[in-house]
Amino acid sequence: MGERTRRRRGLSILVLSAFVAAGGLAAEGPNVKSLAAGLGYDHFARTVVWSGEDGVSKILTHALAARAEIGLRSGLVFSLSLGFALTDLSAQTFATLPISLELGTASLKGFSLAAEAAVPVRNFGDFEIGAAGRIVYSFGIARSWPLEGFAVDGRATGEPTWFEVSVGPRIAYRALGRVVPFAELGARLLWAGFRMSETLGELTGVETKHVRGDFALALAAGADVRATDRFTVRAKAGITPASGRADGLLSLSVLYSF
Amino acid sequence: MARAIGRCIRALAAVALVILSGCAPAGIAPTGAAQLPGRVSELATRGPGAALGYAPDRVLIRFRPDVASVNAEETLRSYGFPSVRRIAAIGVYSVRTAPGVSVAETLAALSRNGEIEAARPDPRVRMADVPNDTYFATYQHNLRNPGGLLDIGGGIRLQLVAGADIKALPAWDTAQGDPEVVIAVLDTGVDRDHVDLAAKVLQEGHDFANDDDDASDDHWHGTHVAGIAAADTNNGAGIAGVARNCRILPVKVLDRNGDGYYSWIIDGIIWAADRGADVINLSLGGDVPDSFLEDACKYAHDKGAVIVAAAGNDGTEGVLYPAAYDETVLAVAASDYADAIASFSNFGPEIDVAAPGAWILGPVPQTYVGPEELPFVFASGTSAAAPHAAGLAALIRSLKPDLTPDEIMWVIRYSADDINRTTLPGRDDHAGYGRVNMQRALVPYILD
């Protein structure tokens, strides 16, 4: 399956999810409890092994996104965000290209689309047990590098994409009024692709590396802080244990309620 | 060694004259006949740094020129680096990454600082994997040229120029060759019993000069050529070969006098291609074009073989055939130990690259030098140059088996060093794209 096909499929899943959710919300129209919009920052690190690589490398992502959130009377909270992502990729060698290329560390700019949902399932006193899920799709803008020192001018172009699904239980404590601390355990599945193309005179080549369904568990804790009647700050931090080290994740958003 | 080789040089000088005068116009002759004979720190762990070969807790940083060192150091301290060391002479800082922060994360953070011009990992260095072959360090200036004066005996002293070599050592860190990759040496045969070749020569072979299956060398030329391309390396004896782990398919297409005919060459090319040779080295050539010979080259090329041939040793314009078949054959000129084009090297628009071809040490049959002499001689010619390129082609095929012959030929061309750029910048008719550079052809180019 081609990289573009995979990308279209990922985008389709995301858009479909959004439509399904939006349809559900429209049907539930009168049940809408809250509407909010704001800005969010998401960071996560993920240690992965790309196809064809012996060693591990890391995907580091910083995403700044505009976010819209709808809360229903049933407690379901659904949000969509669209933003700008900066993804750092490291430790990859593209050895099947006519001239082998080694990517030390590179920041690649791209966009991210995310759909997120949290639903309460049951209350135990002040504790609310529920589930949270998130789908994020990042599609990169290609970055080019000149190939220098050869008899002819050349250029290499890298284009990353990644897609992550996360789902798991969520527990929130609702006895503190404006502050609602919560903890989440997320099962995270990551698909990523990095397409590197090379042109050097008569030579051309393309090599694509993949991460296919890499699984990790993430433990996160955070809080929703209702700073005023209109503004809510949501902060979350977590870790993902990964082969002798821990990858981190951090999320911060400010939402304005209508 | 120098004295022994010197004796060989004198012996070969006489033979060279015979060979040169014996080249029949209608025939084909070896193009090496112009001779004037004569660890490593272990990668203990496989963390991100180990995978790429850089320090897992250190990065190198250079600030923009307008940033004062006081401000630079203050900036670096703000990142929480536990140690910051300034290499004043070049304005670079070596810092240890903050505890728990990887090199990638550190570089990502630094990349967003506008004051910093460059930040990169600190690459791991290791003692070069120098093969232990007896004559490698001293005499194989073609593979690693340390500069200085080299006495090769017979009163001959070469003023070496450091770096005038094909960068074999750094390239071997990336590729030493796949034993399944085969270089067919179409020549006077190959000495299967030679200490530096016995383990490398395939059992099968064919002699088209005498129409039998015995492709032994009853001359010396083919053994010398085979050794340059793929001598047994790191065996504590003799020399190192370019494609040190690849194997040799001996195909005898020149007789005991070093002469042959196009029909033998055509048969040899097709025979080698049919046996799956990855590379075909032809350190020989004839003066006249021939469409049958060209067809044979196309046949082998289309079957996936990279064909490498010597340009010729007349020092005049006119590349010999089959080297002159531009579409299917890589034509190799000879450079010397100072990265100058050898005066004897033929030239013309078909020249693709140059490779060392002056005073190249290689193996020869013991029977050729006699029982008292070491079975190695220095020889010069485009015959000696071609197997350097053939060896490189075999290493590329080993590393990238999916590349076509055309692609391998372009990699060899584009990665060459333009050694005569001061007088003839760019591709020219004497050095082609330049002297082959194994390192640039094989070692990954770093994107940063």
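The values are calculated or read from the model by the stated rules, or taken from the named source; none is laboratory data. Note that the structure is a prediction, hence the values are computed from the model and not measured. Please note: Cβ atoms are built from the backbone with ideal geometry, for glycine as well, and neighbour counts cover all protein chains shown.
Remarks
- In the set B:G362, B:G434, B:G426, B:G348, only one residue is under 21 Å from B:L284 (Cβ atoms), small (G, A, S) and either facing chain A (nearest Cβ under 10 Å) or within 19 Å of the chain's Cα centre (by Cα) (or both); that residue is B:G362.
- On the stretch given as the range B:376-418, residues that are away from chain A (no Cβ under 13 Å) and assigned to a loop (DSSP other than H, G, I, E, B) total 2.
- As for the range B:101-120, it holds at least one residue that is at pLDDT 75 or above and either within 31 Å of the chain's Cα centre (by Cα) or assigned by TED's automatic domain parsing to the domain that holds B:S380 (or both).
- Summed over the range A:72-128, residues that are modelled with pLDDT under 90 and not in a strand (DSSP E or B) total 3.
- Among the residues of the range A:197-241, those identified as surrounded by fewer than 16 Cβ atoms within 10 Å (Cβ to Cβ), modelled with pLDDT of 95 or more, part of a strand (DSSP E or B) and within 14 Å of another protein chain (Cβ to nearest Cβ) are A:T204, A:V206.
- The range B:89-121, subset among the aliphatic types (A, V, I, L, M) and away from every other protein chain (no Cβ under 14 Å), residue surrounded by the fewest Cβ atoms within 10 Å (Cβ to Cβ): B:A89
- Here B:N145 passes the criteria (1) assigned to a loop (DSSP other than H, G, I, E, B); (2) more than 19 Å from the chain's Cα centre (by Cα) except the one numbered (2).
- Residue ID - nearest to the other protein chains (Cβ to nearest Cβ), chosen from residues in the range A:104-140 that are more than 22 Å from the chain's Cα centre (by Cα) and aliphatic (A, V, I, L, M): A:I129
- Among the candidates B:L293, B:L330, the residue that is within 26 Å of B:W220 (Cβ to Cβ) and assigned to a strand (DSSP E or B) is uniquely B:L330.
- Some residue of the range B:203-222 being farther than 14 Å from B:S383 by Cβ, buried (at least 21 other Cβ atoms within 10 Å of the Cβ) and within 21 Å of the chain's Cα centre (by Cα): no
- Residue match in the range B:416-438 (condition: in contact with a Phe, Trp or Tyr (Cβ under 6 Å, 6 or more places away or on another chain), buried (at least 24 other Cβ atoms within 10 Å of the Cβ), modelled with pLDDT of 95 or more and over 23 Å from B:L186 (Cβ atoms)): yes
- Yes/no for A:L72 being more than 14 Å from chain B (Cβ to nearest Cβ) and over 20 Å from B:L447 (Cβ atoms): yes
- Qualifying residue in the range B:160-170 (condition: closer than 24 Å to B:R440 by Cα, within 14 Å of chain A (Cβ to nearest Cβ) and modelled with pLDDT of 85 or more): yes
- Looking only at the range A:141-196, and only at residues there that are within 14 Å of chain B (Cβ to nearest Cβ) and among the small types (G, A, S), the one that is nearest to A:K209 (Cα to Cα): A:G158
- Answer from A:L35, A:L14 - the residue that is modelled with pLDDT under 65, more than 9 Å from every other protein chain (Cβ to nearest Cβ) and touching a Phe, Trp or Tyr at 6+ places or on another chain (Cβ under 7 Å): A:L14
- Filter pass, B:I266 being of a type in the set (V, I, T) and buried (at least 24 other Cβ atoms within 10 Å of the Cβ): no
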